[in-house]
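Notes to accompany the following structure.
The values are calculated or read from the model by the stated rules, or taken from the named source; none is laboratory data. Since the model is a prediction, treat every value here as computed from it, not as a measurement. No Cβ is skipped: glycine too gets one built from the backbone with ideal geometry, and neighbour counts run over all protein chains shown.
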Amino acid sequence: MTKTAEQPKPLNIYQKLVEIRKTVDVFVKDSQGYGYRYVSGTQVLKKIREKMDELGVLLVPIVLNQTHSTFNYTVWDKENKRERPKTDFVVTGDMKYVWINADDPSDRIEIPWQYMGQQDDISKAFGSALTYTERYFLMKFFSVPTDEDDPDARDTKEKQNGQLDKNGKNKKASENQLKYIDALISRRVTADWTKERLYEKLKETMGVDKEPSEWTVEEASKAISIITGRFE
């Protein structure tokens, strides 16, 4: 009598996510906009979505709440050679991402998250916040570094951008950078999100554990990118 081969045991959601993680390595900042180089959403999703489809894994974003405000400032009008007022809309709120095993929808993982976005149109602010948040969530969830985390690449980039002082150390963030960050943070203060809590969340998202006064130029730029919903 021929022995029937045993069928492989179905993977649970945790095991499937591990398999997805194995397929990604390092993301390269392949796009540019607003003076920033960033990892495109296309690159992130291309590396992950194919494996998600193969394993039957869904990622569902759920927005829990939203607050919005306006941020007034001035920009330089090159054509008229003078400053002119400008208003941006700032949206922020709590959300969660839910990983779902399509073979067993009750098998899921919920990850609390937060979104922030700033644009000159409120719908654009909300859209850029969700777009940016998804990219950043996927990279942080799978612990995938970008090319800036490569020591050789980072050293070259810092030298090219003048981010090292004469002693070869990272330059400290300027007072103007820190004031701008503080202004952006202040605009997002709510009853639930105090300035202290927002700073802690920002540091957690950046992956740093030091006070803003100790941030480097690069870290301050990264903070501004996160708050405004733009990938550095």
Which one is modelled with the highest pLDDT among residues in segment 44-53 that are farther than 13 Å from THR131 by Cβ and in contact with a Phe, Trp or Tyr (Cβ under 8 Å, 6 or more places away or on another chain)?
ILE48
Among the candidates GLY56, GLY35, GLY127, which residue alone is within 19 Å of ILE226 (Cβ to Cβ) and modelled with pLDDT of 90 or more?
GLY127
Looking at LYS22, LYS29, LYS16, which is the one that is surrounded by 14 or more Cβ atoms within 10 Å (Cβ to Cβ) and modelled with pLDDT under 85?
LYS29
Just the residues that are closer than 24 Å to ILE111 by Cβ and exposed (fewer than 11 other Cβ atoms within 10 Å of the Cβ), please, taken from segment 205-216.
GLY207, ASP209
Is it the case that some residue within segment 102-120 is within 25 Å of the chain's Cα centre (by Cα), among the charged types (D, E, K, R) and part of a strand (DSSP E or B)?
yes
The number of residues in segment 170-196 that are of a type outside the set (A, V, I, L, M) and surrounded by 14 or more Cβ atoms within 10 Å (Cβ to Cβ) is 8
By residue number, the members of segment 43-100 that are aliphatic (A, V, I, L, M), surrounded by fewer than 14 Cβ atoms within 10 Å (Cβ to Cβ) and not in a strand (DSSP E or B) are LEU64
